[in-house]
Amino acid sequence: MSTDCLFCRIVAGELPATLVHEDEQLVAFEDISPQAPTHVLIVPRRHVATLNDLGPEDDGLVGEMVRRAAAIAKARGIAEGGYRTVFNCNREAGQTVFHIHLHLLGGRPLTWPPG
Ligand code: 5GP
Ligand code: ZN
């Protein structure tokens, strides 16, 4: 746990969030500034700053994050129509919270390429 990390503090229950899912490894909650009708963040309980800090021992964790996004999409009825999952890594990609999180976006048509 990093005390100056926003998502560590949400995971610890020190800051409020609208939780969508929690288990031993992951917490998922609604994004505070949703960019689509569904905008959920899937976050590991353990602090990992960016994708660049992952090692082979984290493959299971990342797999669980991706499968959790798919499960939430299915539960919300957007899996068949389609949805997007995004990891932003570092500043040029728009990462603002340095605790890895998978964005799940859906519920409206999404354009490509992204900005
Ligand atoms: P990033 O830009 O790092 O990929 O994504 C960070 C996301 O966290 C943004 O979509 C932003 O709206 C969301 N966010 C920032 N602060 C909070 C907060 O306090 N609570 C919640 N639920 N989401 C937040
Ligand atoms: Zn953290």
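The values are calculated or read from the model by the stated rules, or taken from the named source; none is laboratory data. All values derive from a computational prediction rather than experimental measurement. Glycine gets a Cβ as well: all are built from the backbone with ideal geometry, and neighbour counts include every protein chain shown. Quick note on the areas: whole protein, heavy atoms, side chains included, nothing else; ligands and nucleic acids left out. Shrake-Rupley method; radii C 1.70, N 1.55, O 1.52, S 1.80 Å.
Could you please let me know if Ala17 is closer than 19 Å to Cys89 by Cα and within 11 Å of ligand 1 (Cβ to nearest atom)? So Ala17 fails the test. Being open to solvent by 70 Å² or more (accessible area, probe 1.4 Å), modelled with pLDDT of 95 or more and farther than 21 Å from Ile32 by Cβ is not true of Arg108.
A search for C-beta distances below 9 Å between a residue of region 29-40 that is open to solvent by less than 30 Å² (accessible area, probe 1.4 Å) and any residue that is assigned to a loop (DSSP other than H, G, I, E, B) and among the β-branched types (Val, Ile, Thr), counting only pairs 6+ apart in sequence or on different chains, returns Phe29/Thr18; Thr38/Ile78. Only residues that are out of contact with any helix residue (DSSP H, G or I) (no Cβ under 8 Å at 6 or more places or on another chain), more than 16 Å from ligand 2 (Cβ to nearest atom) and of a type in the set (S, T, N, Q) were counted across region 58-105, and they come to 0.
For the condition within 17 Å of Ile100 (Cβ to Cβ), more than 12 Å from ligand 1 (Cβ to nearest atom), out of contact with any Gly (no Cβ under 7 Å at 6 or more places or on another chain) and open to solvent by less than 70 Å² (accessible area, probe 1.4 Å), Leu51 does not qualify.
Only one entry of Arg45, Arg67 meets the criterion of being farther than 23 Å from Glu92 by Cα, under 13 Å from the mean Cα position of the chain (by Cα) and open to solvent by 90 Å² or more (accessible area, probe 1.4 Å), and that entry is Arg67.
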